[in-house]
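Here, each number is a calculation from the coordinates, and none is a lab measurement. For clarity, every value in this text was computed on a predicted model and none was experimentally measured. A quick note on method: Cβ atoms are made from the backbone with ideal geometry, for glycine too, and the neighbour counts reach across all protein chains shown.
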Amino acid sequence: MKIISNSVKDTLNLGRIISRHLKPGDVICLNGELGSGKTTLTKGIAEGLGVSRAKVTSSSFILIRQHLEGRIPFFHFDLYRLKAAGDIAILGYEEYFYGEGVSVIEWAQNLECLMPSEHLMVELSYGRLNKRTFKFAASGARYKELLRRLHEDTGH
């Protein structure tokens, strides 16, 4: 599935739409160049889960930020500066990925072999001005269902 966003507002709204269908244990993987909209989409997802989007930042120095005040615990991973996939293993990433919250992972390609076998992958790219393209791919039955619901909600 492919969705075009024409503004920051559209991208935040897409994140809120995604959040409507998220359940504990869901993993959303985001890949794309700097400035492609990963953090903006993450802010929309967080807001939809009841977390202030102002609390979602992309410092790139903190690998995991926990937000427990929403309807579901929200774990924001920013793996931009991750040197090796094994470096995240010492942080107990499995407890986040397979626990009671939703994990959104920016720069998910840096997980390499630690990537969960089931997840929703979003490839982001940018064009002119604020235009962004989001390409969604589902791995696993749960995420195929999530993608079907997103298709219904967005009409794409």
Practice task
Sort 77-83, 143-149 for me by packing, meaning the mean count of neighbouring Cβ atoms within 10 Å per residue, highest on top.
Solution key: 77-83, 143-149
Handout entry: GNM result for the chain, Cα springs below 10 Å: residue of Ala46, Ala138, Ala84 fluctuating most strongly
Key = Ala84
Handout entry: Alpha-carbon centroids, the range 132-156 and the range 84-130: separation in whole Å
Key = 17 Å
Problem - Prolate/oblate/rounded call for the range 19-103, Cα gyration tensor, a/c under 1.5 rounded - result: oblate
Exercise for the section: Would you mind counting up the charge near Gly15? Only other residues with Cβ under 9 Å from its Cβ, with Lys and Arg at +1 and Asp and Glu at -1. Expected result: +2
Fill in the blank from the handout: With the chain reduced to its Cα atoms and the Debye formula applied, log10 I(q)/I(0) at q = 0.10, 0.11, 0.17, 0.19 1/Å amounts to -0.30, -0.37, -0.95, -1.22
Handout entry: Cβ crowding within 10 Å averaged over residues, with 12-24, 125-137 ranked highest first
Key = 12-24, 125-137
Completion exercise
Summed over the other residues with a beta carbon less than 15 angstrom from that of Ile4, with K and R at +1 and D and E at -1, the charge totals +4
Exercise for the section: Determine by what factor the alpha-carbon radius of gyration of the range 1-48 differs from 2.2 N^0.38 Å, reporting the quotient. Expected result: 1.10
Problem - Charge tally in the Cβ shell below 10 Å around Glu106, where Lys, Arg are +1 and Asp, Glu are -1, Glu106 excluded - result: 0
Fill in the blank from the handout: Which of Glu94, Glu106, Glu47 fluctuates most in a GNM of the chain (C-alpha springs under 10 Å)? That residue is Glu94
